[in-house]
Amino acid sequence: MSLKNQNPTSTKSWGKLLSHFKDIKSKTIVSYFDENSNRSDELTIKWEDFYVDFSKNRLDKQTISLFTDLLNEIQLKDSINKYFTGDKINKTENRAVLHTALRSEENSNLKVAGINVRNQIKDVKNKIREFSNSVVLGSKKGYTNKPFTDVVNIGIGGSDLGPSMVIDSLKFYKNHLNTHFVSNVDGDHVNEVLKTLDPETTLFIIVSKTFTTQETLSNANTIRSWFLKKAKQEDVSKHFIAVSTNLEKVMSFGIEKDNIFPMWDWVGGRFSLWSAVGITISLSIGFKNFEDFLKGANHMDIHFQETNFDKNIPVILACIGVWYNNFYNCESESVITYSQYLNQFATYLQQASMESNGKSVDRDGSKVNYSTGQIVWGEPGTNSQHAFFQLIHQGTKLIPTDFIGFTQSLYGNKDHQNKLISNFIAQTEALMKGKSLAEVKKSNKDNFNIPFKVFEGNKPTNTILIDKLTPKSLGKLIALYEHKIFVQGVIWNIFSYDQFGVELGKKLANTVLDDIQNNSSNNHDSSTNNLIKYYKSKNIT
Ligand code: F6P
């Protein structure tokens, strides 16, 4: 069984949302607050340590209720059930989508192709625990009998972005191990990382679901050659481990079976940080914190599965995203994290969201006649206020923005924290209220400047305020966005879990490489031919 195939725009509820949109599109957010003194309470969800305020949006309770009708009409509940129970909802790749099982505490059988995956998950978790403990405690040693000081994650896309973002976000909790990431096929990247490392005390983790990715294999080969300049072939097994579904390929690379951490085809690359792909996380913050991280995600999974749609955080954020994407025709949404720790969060979300929902063919195989996946971008606040906020405040584009912040700072510096959170709150107020012509006139003597100082306001924001950045709360936050992406894929009637769009470029890169390395001349257009020729004339290193 697969997900229901239903063009959302031809549902009854979509029609109702459309006429509702026509009715309210010229209303301002401020006017909603003037009319309803309970608005903030009505449009805020308090759940565990999360405070999610979606009242500063161009919508009202009726909008939410109409979206709920849509979700019922397209049978979201049934889709959620299929998602969590291992239905092959990744139909184009004929796979289940079960990253949620990696953080589940359920014991009941969960079968994929007749195999109970709970046992596989338990085994790998034990292996991660034992391995991380031995490295962190120093009982596992390198080829000269020294404990490890550094860990290098070699991977790209989902085999890099998730672990890298989580480790950076949780560096407050890190132990003595230094972690490094090599992802780009750009040789300068790997060289910059290697120049700081000592082969005697460095552990290398090759992370590749397929173990066929050009970037990862090139980097792994380069690193192994660098390692072998000092060490011997038999030392490789002490310093190299791999995470992959492709045991054969890993073994032919020279990694022993015991050093392979398996993963499964029912875990998508961009959702794989909960699996053994997260081993670098477990090494960096310790297994106990890694478990808390999984636990947090599991709490959000339960909230998502069990809460009514109108109080369900991922569902509400998904609907708001669709509201701006499909009714207001917004092209992008930004995510601003008021924590420097989360400076990689938007980059991580770009893959999670855009690789999932950047699709233009529906579940019927037909071209969609409506807009799908939004462009996601962002940076931490307050830095971004001094960079691109000008455009959000006064530009011509409507950019709905998620503000993510924490009530407590990790080092407890109250002065800084008060200033940070004042900015966090004030920006959402400023974006909503703006500054009218009349107000500007009152405080401005220079007539010429008046129009430039007007802020239209009415810019929508969601505020996600969390008690404290911990492994557990970060797990909840990531799972929240994963489920938002899922719900939007269901509404847009697309397959969110394949990524055929990245294949064509990969293939053509190999053809161009053939032209460059073997002097062959494959058939390209004149621009491409000239670029290859020009590169070859200049590349003399
Ligand atoms: O190029 C896209 C992609 O397939 C991602 O979906 C994936 O996370 C990444 O490449 C890396 O793939 P692998 O883990 O198989 O090396």
Could we say that residue 83 is outside the structural domain of residue 366 (by TED's automatic domain parsing), modelled with pLDDT of 95 or more, closer than 28 Å to residue 370 by Cβ and not charged (D, E, K, R) here?
yes
Can you say whether residue 459 is of a type in the set (D, E, K, R) and more than 19 Å from residue 391 (Cα to Cα), as far as the supplied structure shows?
no
Only one of (1) crowded, with 24+ Cβ neighbours inside 10 Å; (2) more than 27 Å from residue 48 (Cβ to Cβ) is not met by residue 315, so which one is it?
(2)
Which number in (1) surrounded by fewer than 18 Cβ atoms within 10 Å (Cβ to Cβ); (2) within 16 Å of the ligand (Cβ to nearest atom) marks the one condition that residue 332 misses?
(2)
Is it true that some residue in the range 69-83 is in a loop (DSSP other than H, G, I, E, B), within 26 Å of residue 303 (Cβ to Cβ) and not aliphatic (A, V, I, L, M)?
yes
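Restricting to the range 339-352, and then to whatever is hydroxyl-bearing (Ser, Thr, Tyr) and surrounded by fewer than 24 Cβ atoms within 10 Å (Cβ to Cβ), can you tell me which residue is nearest to the ligand (Cβ to nearest atom)?
Ranking the candidates gives 347 first.
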Is it fair to say residue 355 is buried (at least 22 other Cβ atoms within 10 Å of the Cβ), of a type in the set (D, E, K, R) and in a strand (DSSP E or B)?
no
How many of the residues in the range 138-168 are of a type in the set (D, E, K, R) and within 16 Å of the ligand (Cβ to nearest atom)?
1
Selection within the range 521-538 - exposed (fewer than 10 other Cβ atoms within 10 Å of the Cβ) and closer than 26 Å to residue 212 by Cβ
523
Criterion violated by residue 302 - all others in (1) without any contact (Cβ under 8 Å) to a residue 12 or more places away in the chain; (2) within 16 Å of the ligand (Cβ to nearest atom); (3) among the aliphatic types (A, V, I, L, M) satisfied
(2)
Residue satisfying all of: in the range 107-137; part of a loop (DSSP other than H, G, I, E, B) and exposed (fewer than 13 other Cβ atoms within 10 Å of the Cβ); nearest to the ligand (Cβ to nearest atom) among these
113
Kindly indicate which of 211, 204, 181 is touching a residue at least 12 places away in the same chain (Cβ under 8 Å) and under 18 Å from residue 128 (Cβ atoms).
204
Please work out which residue is farthest from the ligand (Cβ to nearest atom), limiting yourself to the range 481-524 and to residues that are among the charged types (D, E, K, R) and at pLDDT 95 or above.
484
Residue under question is residue 277, and the condition is that it be β-branched (Val, Ile, Thr), away from the ligand (no atom under 16 Å from the Cβ) and farther than 17 Å from residue 84 by Cα; does it hold?
no
Within the range 370-382, identify whether any single residue is on the phi > 0 side of the Ramachandran plot, surrounded by 20 or more Cβ atoms within 10 Å (Cβ to Cβ) and either in contact with a helix residue (DSSP H, G or I) (Cβ under 8 Å, 6 or more places away or on another chain) or in contact (Cβ under 8 Å) with a residue 60 or more places away in the chain (or both), and answer yes or no.
yes
I'd like to check which helices (runs of 4 or more DSSP H) are fully inside the range 397-512 and have at least 2 residues that are among the hydroxyl-bearing types (Ser, Thr, Tyr), farther than 29 Å from residue 48 by Cα and not assigned by TED's automatic domain parsing to the domain that holds residue 33.
none
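The values are calculated or read from the model by the stated rules, or taken from the named source; none is laboratory data. For clarity, every value in this text was computed on a predicted model and none was experimentally measured. Counting neighbours? That spans all protein chains shown, and the Cβs are built from the backbone with ideal geometry, glycine included.
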